[in-house]
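Some notes on the structure that comes next.
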């Protein structure tokens with residue numbers, strides 16, 4: 001009985017190792033996706049831009065002005081259309097309002113362009129926004145780093 005249990009655990013370990021190797025191989029093949037242990041394909045971004053600033057109001061004002069066509073913003077639980085961005089800029093783009101917000105996302109369709117969760121100290125942006133981010137960095141509004149995602 002004890003030998004059967006040991007054999008099963010060895011078989012399970014081999015199966016797990018084989019699955020892990022297959023997952024890593026598939027992940028390398030699909031640069032924009034990963035595979036979970038149950039075989040489901042998960043789409044993930046390869047790189048993000050980590051943004052840091054103390055000038056939150058300036059950054060978000062410029063972000064909403066630059067990306068005002070075809071986008072929506074989610075501030076807390078409220079979805080805001082691009083037509084409402086001027087009002088959002090006027091009412092929300094102050095450091096105190098931004099710091100009291102827990103979640104922010106800027107979306108173009110289903111693609112998340114920028115956002116933060118919990119705190120504006122953890123702002124991220126999609127790699128497609130790199131020219132805009134570089135422009136703000138050259139104006140000394142933000143600092144940034146391109147980081148790989150997990």
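The values are calculated or read from the model by the stated rules, or taken from the named source; none is laboratory data. Note that this is a predicted model, so its numbers are computed, not measured. Using ideal geometry, Cβ is built from the backbone for each residue, glycine included, and neighbour counts are taken over all protein chains shown.
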Looking only at the range 105-114, and only at residues there that are free of Cβ contacts under 8 Å to residues at least 40 places away in the same chain and surrounded by 12 or more Cβ atoms within 10 Å (Cβ to Cβ), the one that is farthest from residue 144 (Cα to Cα): 107
Qualifying residue in the range 74-96 (condition: closer than 20 Å to residue 49 by Cβ and in contact with a helix residue (DSSP H, G or I) (Cβ under 7 Å, 6 or more places away or on another chain)): no
Strands (runs of 3 or more DSSP E) fully within the range 58-146 counting 2 or more residues that are farther than 21 Å from residue 47 by Cβ and within 15 Å of the chain's Cα centre (by Cα): 72-75
Flag if residue 59 is touching a helix residue (DSSP H, G or I) at 6+ places or on another chain (Cβ under 7 Å) and touching a residue at least 24 places away in the same chain (Cβ under 8 Å): yes
Test: residue 58 is within 26 Å of residue 138 (Cα to Cα) and at pLDDT 95 or above: yes
Residue 25 vs. criteria exposed (fewer than 14 other Cβ atoms within 10 Å of the Cβ), at pLDDT 50 or above and outside the structural domain of residue 130 (by TED's automatic domain parsing): no
Boolean, residue 14 is closer than 19 Å to residue 132 by Cα and at pLDDT below 55: no
Yes/no for residue 87 being in the same structural domain as residue 56 (by TED's automatic domain parsing), at pLDDT 95 or above, loosely packed, with under 14 Cβ neighbours inside 10 Å and closer than 23 Å to residue 146 by Cβ: no
